[in-house]
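So the structure is just underneath, and the comments pick up after that.
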Amino acid sequence: MKQITIKNNSITLTILDYGAIIQKLIVNDKNGNPTNMVIGHDNPKDYLTDDMYLSACIGRYAGRIADGKFSLNGSDYTLFEENGIHLHGGKIGFNKKYFTIEEVNESEEPFIKLSYLSPDLEEGYPGNLKTTVTYTLLNNSLKITHEATTDKTTVVNLTNHAYFKLDNTPTVSDYNLELGCSRILETNEKLLPSGDFLSVTSTPYDFKIKKKIKDTKLDTPFEIDTNKTIAATISSDKSGITMQVKTNQPALIVYTPPVTGSICFETQNFPDAPNQKSFPSSKLEPEETYFNESYFTFSI
């Protein structure tokens, strides 16, 4: 397992080639104390037995696919599923793969570029898929760029599964959260979408105006408003750290895990899009390039 660290005046970033995992994302709090913004393991080997997708690249398809199957160009594809759910790319997703370190650049805008070639029918998905993940430090922002190309029509939906923790408190209840999202995706008890969208107004999911998270439990696909440039803003009064999330993706999956006192912002397409014709297409053709660009910007 290889570990790479880059830094600028605002951020120190440590990446593992295993799962393209963000092991450390360090910024200073309001008192100048270096603070790791992500939950992780000090010993890289502990990621080998991790089942929480800690700060890893998720693919080929982030989120859930109903019944572990989809049809594409007249062909049916069967994926690994448990209890009727295919989750985060299957039994052995990208989070469990060793990526190739393509380039490490230590300029004023340092970056780490990693790649993984997923062979045709790996986890049931068609096409040889070449994926690259690039982590770039731009002043006080971390830019994560996912790109992919295929030699056969396929579906793809990539994201990073960072568990953000802005201070050392045991929960995120006192974090301030604001979302540029007026609707959520309606889901059933398995968190699979019906295809309908619901207004957040007068519900616990209404974070259009900044408020404390309190006891709201989130494992929720939000639709990012097209007129909003900032998908999410979260802050801790204790550390004084604020993080803003921007993305070119249509959806933001916000997840507050029952343990770790952290929060995830998964920038991606909607779950089960291969089976939902009304959702943005997750199809990738051989002449196209998948492109997911997201920014996580820190301030105090």
Worksheet item: Among the residues of the range 7-60, which ones are under 21 Å from Ile92 (Cα atoms), open to solvent by less than 20 Å² (accessible area, probe 1.4 Å) and not in a loop (DSSP other than H, G, I, E, B)?
Response: Ile15, Leu16, Tyr18, Ile22, Gln23, Tyr47, Cys57, Ile58
Discussion item. Just to be sure I understand the filter: pairs with C-beta atoms under 8 Å, separated by 6 or more residues or on different chains, first member in the range 230-243 and touching a residue at least 12 places away in the same chain (Cβ under 8 Å) and open to solvent by 40 Å² or more (accessible area, probe 1.4 Å), second member of a type in the set (Val, Ile, Thr) and part of a strand (DSSP E or B). Which pairs pass?
Written reply: Ile230/Val245
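Could you pull out every one of the strands (runs of 3 or more DSSP E) wholly within the range 219-297 that has 2 or more residues that are over 21 Å from Leu87 (Cα atoms)? Before you say what the answer is, go through the steps one by one.
Working: elements: 219-223, 232-235, 242-247, 251-255, 263-268.
Here the list reads 232-235, 242-247.
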Fill in: From Thr201, Thr187, residue being open to solvent by 60 Å² or more (accessible area, probe 1.4 Å), of a type in the set (S, T, N, Q) and over 12 Å from Thr233 (Cβ atoms)
Thr201
Response to the item:
Checked the range 219-263 for anything under 21 Å from Asn31 (Cα atoms) and of a type in the set (Lys, Arg); matches are Lys238
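Of Val133, Val172, which residue is under 30 Å from Asp237 (Cβ atoms), surrounded by 14 or more Cβ atoms within 10 Å (Cβ to Cβ) and touching a residue at least 12 places away in the same chain (Cβ under 8 Å)?
Details: Val133 fails: under 30 Å from Asp237 (Cβ atoms).
Among Val133, Val172, only Val172 is under 30 Å from Asp237 (Cβ atoms), surrounded by 14 or more Cβ atoms within 10 Å (Cβ to Cβ) and touching a residue at least 12 places away in the same chain (Cβ under 8 Å).
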Discussion item. Can you name every one of the strands (runs of 3 or more DSSP E) wholly within the range 99-198 that holds 3 or more residues which are closer than 29 Å to Asp219 by Cα, touching a helix residue (DSSP H, G or I) at 6+ places or on another chain (Cβ under 7 Å) and of a type in the set (D, E, K, R)?
Written reply: none
Worksheet item: Among the residues of the range 248-260, how many are over 26 Å from Pro34 (Cα atoms) and buried (at least 21 other Cβ atoms within 10 Å of the Cβ)?
Response: 4
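The values are calculated or read from the model by the stated rules, or taken from the named source; none is laboratory data. As the structure is a prediction and not an experimental result, all values here were calculated from the model. Glycine also receives a Cβ, built like all others from the backbone with ideal geometry; neighbour counts cover every protein chain displayed. Accessible surface areas use protein heavy atoms only, side chains included; no ligands, DNA or RNA. Shrake-Rupley method; radii C 1.70, N 1.55, O 1.52, S 1.80 Å.
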